[in-house]
Every structure is written in C-alpha cells, then in structure tokens.
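*Asks:* Can you keep this structure in mind? I'll have questions shortly.
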Amino acid sequence: MDILLAGNLAERALLHVVPEEFPFTIRLSAQVLESNGSSSMATVCAGSLALMDAAVPVSSAVAGVACGLVCQESDDGDIVDYTLLTDISGIEDSLGDMDFKVAGTRHGITACQLDVKRIRGVTLPIIRDALQAATSAHQTVLDVMDSTLSEPRPEGKNNRPIYEIIEVPLPKRSRFVGVGGYNLRKIRKDIGVEIDNIDETKFSLFATTPELMEEAKQCVNTLLKDIDFPALEPGAVRTVKIKEIRDYGVMVELFPGMPNVLLHVREMDRKMVYHPSDMGLQVGQTLEVKYLGRDPTTGRIAISRKALLPPPTRSGTHRTNPSSFKR
C-alpha cells in the first residue's frame, strides 16, 4: 500500500485491517487541500471509507483522533496540572504541549504517534488518560462513518480488476493446460487475462475488467466440460488424423470434438526421429496408433505408432509398414 502526502502513520493504521491474502496492490492517495487539525488522522478516516467503497474486505473500519495537552509546570519543570484536548484544531496543535495521534477500530488501537512540544515529557497518567479519551472519541467518529458506509461493499466498481482462484480436478489438468501449456497461452493471448499455476489443482485468474473475467471463465468451463467419448481399452488401435505439426511431435484427433492428443516423436518409429518432417508427415494425414492408456495422475493420454511396428531385426533395422500412415 502506498499512501501519498499522509505519511507512514496512516499507512500503518490501515494495514492492520487489510487481509494478508488480498491479491492486489493498493495505492491510496490522500489529497488534503486545507487543514485545521490532523491531516494524517483525516487520512485514516477517509482512507478507511475509501477501502470499503472499493470493496476491499477490511476486517473493520478505522478512525483516527489527535489528542492535545495544555499543562502547568512547577519551577523545576514538573507537570503539576494538565488538561487534555480531544481532536485538536490547528491553533491547539501549534500552542499546545502535545500532539498524540491515535488510530484504531472499535476493538483496539492500530497505530499511534506522540509528539511532545516545549515540555520535557509526559507522565504515565497523562498517556493513560489520553488513550481513554482517544478510544471514546473513536466510537463517536466511527458512528458518523458507519452512517455513510458501515462495511465493505460486496462488489466493486465495473472497471475494477478481478482476481479469482479456480480448482481443476487432477484428471482434467492435462486437458485444461494443453500440450506445453497451449491452452493457457491461448487464453492469455486471445482474451488478455493472466492465468498462472498455483499448485497441481489450483490456478489464478487476473482480469482488468469483470467482462474479461467472465469471458475467460466461459473458456475455462468449455475446457473442463465433461464430454462423453467412446471408451478405449489399453491396446486398442485407432486411425487418427494429424491436426498440427510440432517440433516434438504431432497433434492428432483421437475422436471428433475431443482435445487433440500428442503423438511424441519418440513414439513415431522404432528408429530415431528428430522431427515429424523426418517421416514426411503433414497436416491431414492419417495414422494408425495404439492407445496405451491414461496417466492416473495428470490424466494425459498416451498413444504410440511405434508399438504397432514389428521389432527390429538383428542388424538393427526393421521394415516400415507403408500402410501405417497414408495421405
């Protein structure tokens, strides 16, 4: 949180009520154009209302009060009598002996700062009485603040940024992320929403507007939607069509409407294949592949063309079946 023109005191007073897990950076600017009292305590009150108006889930409203002191001293400088001034004005601040700023909620103090003027110091009874006076004044100020806004708004402005955490079931993680993170990159590029991996099942979404967040969530729901595809037993043979050529393999369509599945270069042939072009593969060609199963942890589907080829001969070569792929 960066508070301009009001100082560190107001920042410390408000930080205690902002949740640690709040995902956004807060920039709170207090522009005091005229002052006849404590500008920092005014910043605390106005800042608390501003945070609630912006739908920041603060735990409580915070108010600030400045207590002053006028005292009578003995010849040796000891305080023999004193009067406390609550919520001092400008002239009381200038001519008084103390400026004791206290900020807090209905439940306790969140920040305080003591400035002593011409006297050598203050006694413990003065501090005790000042804290009691400030606490009582807080209740009055908070009552006035509550009459305007008593709790954070449930939703912010229409132009506010949005942050959400979604949970992806582990078996659907592979389908959601896509090969090499393809689906996540596509959401970032096409919609403009930042999506990041938190752990194995949780992802964070950050959008600059609610509309973009809604569009991203629709895309997420589409990726996670359960689609009934024909069941395959491990060892089943399927004829698939190449949809995309990549450096490390080809993306093939196992079933119509199903997310494309990667046939890795190491599963294309029994000999070393460095790139799909080594075998002359092109988009639109069909291949016969063997279904090896689904990874129980990631949900990733494994297929192989190599598993359908005859084992290598003693010389280390094998005959390639021309009918295993065709144009």
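The values are calculated or read from the model by the stated rules, or taken from the named source; none is laboratory data. Quantities reported herein were computed from a predicted structural model and do not represent experimental measurements. Every residue, glycine among them, receives a Cβ derived from its backbone with ideal geometry; neighbour counts consider all protein chains shown. The area values use the complete protein model at the heavy-atom level, side chains included, leaving out ligands, DNA and RNA. Shrake-Rupley method; radii C 1.70, N 1.55, O 1.52, S 1.80 Å.
*Asks:* Out of the total accessible area of the chain (probe 1.4 Å, heavy atoms of protein only), what percent is carbon and sulfur? The partial results should precede the final answer.
*Replies:* Details: 9520 of 18770 Å².
Roughly 51 percent, rounded to a whole number.
*Asks:* Then there's this: Going by average Cβ density within 10 Å per residue, which order do the peptides 153-159, 53-59 take, highest to lowest?
*Replies:* 53-59, 153-159
*Asks:* So what's the convex hull volume per residue for the Cα atoms of the range 194-235, in Å³?
*Replies:* Each residue corresponds to 98 Å³ of Cα convex hull volume.
*Asks:* Assign unit charges at the C-beta atoms only (+1 for Lys and Arg, -1 for Asp and Glu), then state the dipole size of the chain relative to its Cα centre in Debye, rounded to the nearest 20.
*Replies:* Roughly 3860 debye, rounded to the nearest 20.
*Asks:* Follow-up. Taking the solvent-accessible surface of protein heavy atoms with a 1.4 Å probe, what is the per residue accessible area of the range 150-224 in Å²?
*Replies:* Solvent-accessible surface per residue comes out at 60 Å².
*Asks:* Right, next: Could you estimate the translational diffusion coefficient of the range 81-201 from the Stokes-Einstein equation, with Rh from the Kirkwood formula over C-alpha pairs, at 4 °C and 1.567 mPa s, in whole µm²/s?
*Replies:* Taking Rh from Cα pairs, D becomes 65 µm²/s.
*Asks:* Now for a separate question. Specify the residue with the greatest mean-square fluctuation among ILE109, ILE126, ILE191, computed from a Gaussian network of the chain linking alpha-carbon atoms under 10 Å apart.
*Replies:* Judging by the Gaussian network model, the answer is ILE126.
*Asks:* Alpha carbons only, please: Rg and Dmax for the range 16-148, in angstrom.
*Replies:* Cα only, the range 16-148: 16.5, 58 Å (Rg, Dmax).
*Asks:* If I take every Cα pair under 8 Å that is 6 or more residues apart in the chain, average their sequence separation and divide by the length, what percent do I get for the relative contact order?
*Replies:* Values: 572 pairs, mean separation 37.1, N = 327.
With pairs under 8 Å counted, the relative contact order is 11 percent.
*Asks:* Okay, next question. Mind listing which trypsin sites (Lys or Arg not before Pro) in the range 44-147 are in a DSSP loop and have 12 or fewer other Cβ atoms within 10 Å?
*Replies:* The qualifying sites are ARG118, ARG120.
*Asks:* Would you list which aspartates and glutamates come within 17 Å of LYS186, measuring only between C-alpha atoms, while excluding same-chain residues fewer than 8 positions from it?
*Replies:* Filter leaves GLU194, ASP196, GLU214, GLU215, GLU244.
*Asks:* While we're looking at this one, here's another question. Rounded to whole Å, give me the distance from the Cα center of the range 106-158 to that of the range 216-266.
*Replies:* What the calculation gives is 62 Å, centre to centre.
*Asks:* Do any GluC sites (Glu not before Pro) in the range 7-38 lie in a DSSP loop with no more than 13 other beta carbon atoms within 10 Å, and if so, which? Can you show the working numbers first?
*Replies:* On the way: sites: GLU11, GLU20, GLU21, GLU34; in loops: GLU20, GLU21, GLU34.
The qualifying sites are GLU20, GLU21, GLU34.
*Asks:* As an exercise, identify the trypsin sites (Lys or Arg not before Pro) in the range 178-261 lying in DSSP coil whose Cβ has no more than 12 other Cβ atoms within 10 Å.
*Replies:* Numbers: sites: ARG185, LYS186, ARG188, LYS189, LYS202, LYS217, LYS225, ARG238, LYS241, LYS243, ARG246; in loops: LYS225.
Qualifying residues, ordered by number: LYS225.
*Asks:* Could you pull out every one of the lysines with an alpha carbon less than 19 Å from that of LYS117, ignoring same-chain neighbours closer than 8 positions?
*Replies:* By straight Cα distance, LYS117 reaches LYS101.
*Asks:* Another one. Using only the Cα atoms of the range 51-95, what semi-axes does the equivalent ellipsoid have when each is the square root of 5 times a gyration tensor eigenvalue? Give whole Å, largest first.
*Replies:* Taking √(5λ) for each eigenvalue gives 38, 12, 7 Å, largest first.
*Asks:* Can you compute log10 of I(q)/I(0) for the chain with the Debye formula, treating each Cα as one identical point scatterer, at q = 0.07, 0.12, 0.13 Å⁻¹?
*Replies:* -0.54, -0.89, -0.97
*Asks:* Another question, then. Straight-line reach only, C-alpha to C-alpha below 21 angstrom: list the lysines that LYS241 could link to, leaving out same-chain residues fewer than 8 apart.
*Replies:* Cα-Cα hits under 21 Å: LYS290, LYS306, LYS326.
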